[in-house]
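Engineer: Got a structure for you, written out below as structure tokens; questions coming shortly.
The values are calculated or read from the model by the stated rules, or taken from the named source; none is laboratory data. Keep in mind that this is a model prediction, so the values were computed, not measured. When we count neighbours, we look across all protein chains shown, and the Cβ atoms used for this are built from the backbone with ideal geometry, even at glycine.
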């Protein structure tokens, strides 16, 4: 049940309610637990609530690490 | 994120892991605490690949459907069978858990009552607003990932004065369960993969006792194959250097301090108590109940249900509890795959998508694709 999905915020109301794009589907979500979230940010959504903001810089670093590992072992 | 599944990078990491594992005095055995990690490890075929690299993975207690004891599942069944004009709103997999009273799926609701499958506790709240003459009970089962959502919903219900909304709580805290497993000493583990989304709420600090008091390494991991292998590698590095800590290998989605807004909300609405887990027994300060101010939202006294803290009895022969402690693998239960299968489960470990028995049943035969 701790399955949680990364999604991009597509609508954000002052009440904290809104919608997010999860792999092409629009889902309703409550963003009250991530007050710093803004339209277009990526969040982790669990049980209808965004619980965490994704850090773009950290995400890029992880991707870069894997790109390098993939490339380094290429023959 | 496809890079985190790149076969070349994965093979390279597995190679690294194999080299590090060979240098350790004992073959490492690492517990993945979270059921979603168990699922990812099996779905991507990583558990057998790690075994070949010399690392044994064991599943931990991180399945809320599973660790919720029989008494609470039975209370939910009693509630919807006996109380009229009531909606029991629940996450889907809770409905299939078998008990001595059947399951929510086989229960016959009392006149006017029904079971509603929801994805978010807010859906239950909406129903309570829409139908003021109906009692709406949310079967709130979950770990720290889910608890803030339930706290938010209860607080909102209080603000709106919705007296027809309540929660049947089955709220569990991960760190006290790890402490109980370590202190019981039934199995020797050499490190932990900590749950990424529980940690997104609680941060890293609550696991530090594992390194400090038990000298064991650990890493918080995300859920892609690459995330999990990075965490395994970190655990082996810490073991080799003798510097156990709580490594953050999921920093794109969590902060070391967790989510303070969510934690404050949990604190405001709930307080810890000594809760009874399936298989793990009663663990000090391991469950949450409503604080005095919100006590009216607790469905347990409101509907005269069995007191919180009682475990109840499992179906005869079910060893879900032993699986949750990591004492046996699912294959070690004589009913696994025979009397107990997903279509007719003997216990919740064969029901939940995060249950070790279901996952082993579905993916246990997975072979490596030929090169």
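Engineer: Looking at (1) without any contact (Cβ under 8 Å) to a residue 60 or more places away in the chain; (2) touching a strand residue (DSSP E or B) at 6+ places or on another chain (Cβ under 8 Å), which one does residue B:54 not meet, given that it meets all the others?
Structural biologist: Status for residue B:54: all satisfied but (2).
Engineer: Further question on the same structure: Have a look at B:87, B:68, B:99 and point out the one that is over 24 Å from residue B:286 (Cα atoms) and modelled with pLDDT of 95 or more.
Structural biologist: Sole residue among the options that is over 24 Å from residue B:286 (Cα atoms) and modelled with pLDDT of 95 or more: B:87.
Engineer: Determine which single condition residue A:9 fails, assuming it passes every other condition in (1) surrounded by 17 or more Cβ atoms within 10 Å (Cβ to Cβ); (2) touching a helix residue (DSSP H, G or I) at 6+ places or on another chain (Cβ under 8 Å).
Structural biologist: Only one criterion is unmet by residue A:9, namely (2).
Engineer: Here is a follow-up. Are any of the residues in the stretch A:1-14 out of contact with any strand residue (DSSP E or B) (no Cβ under 6 Å at 6 or more places or on another chain) and farther than 25 Å from residue B:142 by Cα?
Structural biologist: yes
Engineer: What's the number of the condition residue B:145 fails, among (1) part of a loop (DSSP other than H, G, I, E, B); (2) surrounded by fewer than 20 Cβ atoms within 10 Å (Cβ to Cβ)?
Structural biologist: The single condition residue B:145 does not satisfy is (2).
Engineer: Evaluate the stretch B:326-336: report whether one residue or more is part of a strand (DSSP E or B) and surrounded by 13 or more Cβ atoms within 10 Å (Cβ to Cβ).
Structural biologist: The answer is yes; a qualifying residue exists.
Engineer: Still on this structure, I have one more. Report whether or not residue B:288 is within 14 Å of chain A (Cβ to nearest Cβ), surrounded by 19 or more Cβ atoms within 10 Å (Cβ to Cβ) and touching a residue at least 60 places away in the same chain (Cβ under 8 Å).
Structural biologist: For residue B:288, the condition - within 14 Å of chain A (Cβ to nearest Cβ), surrounded by 19 or more Cβ atoms within 10 Å (Cβ to Cβ) and touching a residue at least 60 places away in the same chain (Cβ under 8 Å) - is not met.
Engineer: With a cut-off of at least 2 residues that are at the interface with another protein chain (Cβ under 7 Å from one of its Cβ atoms), name the strands (runs of 3 or more DSSP E) lying wholly within chain A.
Structural biologist: A:42-46, A:49-53
Engineer: Now, a different point. What are the residues in the stretch B:253-278 that are part of a loop (DSSP other than H, G, I, E, B) and surrounded by fewer than 22 Cβ atoms within 10 Å (Cβ to Cβ), if any?
Structural biologist: B:255, B:256, B:257, B:258
Engineer: Limited to the stretch B:291-324, what total is found for residues that are free of Cβ contacts under 8 Å to residues at least 12 places away in the same chain and closer than 30 Å to residue B:341 by Cβ?
Structural biologist: The total comes to 1.
Engineer: Test of understanding: among B:257, B:281, which residue is over 19 Å from residue B:38 (Cβ atoms) and over 20 Å from the mean Cα position of the chain (by Cα)?
Structural biologist: Values: B:281 fails: over 20 Å from the mean Cα position of the chain (by Cα).
Step by step, each of B:257, B:281 is checked, and only B:257 is over 19 Å from residue B:38 (Cβ atoms) and over 20 Å from the mean Cα position of the chain (by Cα).
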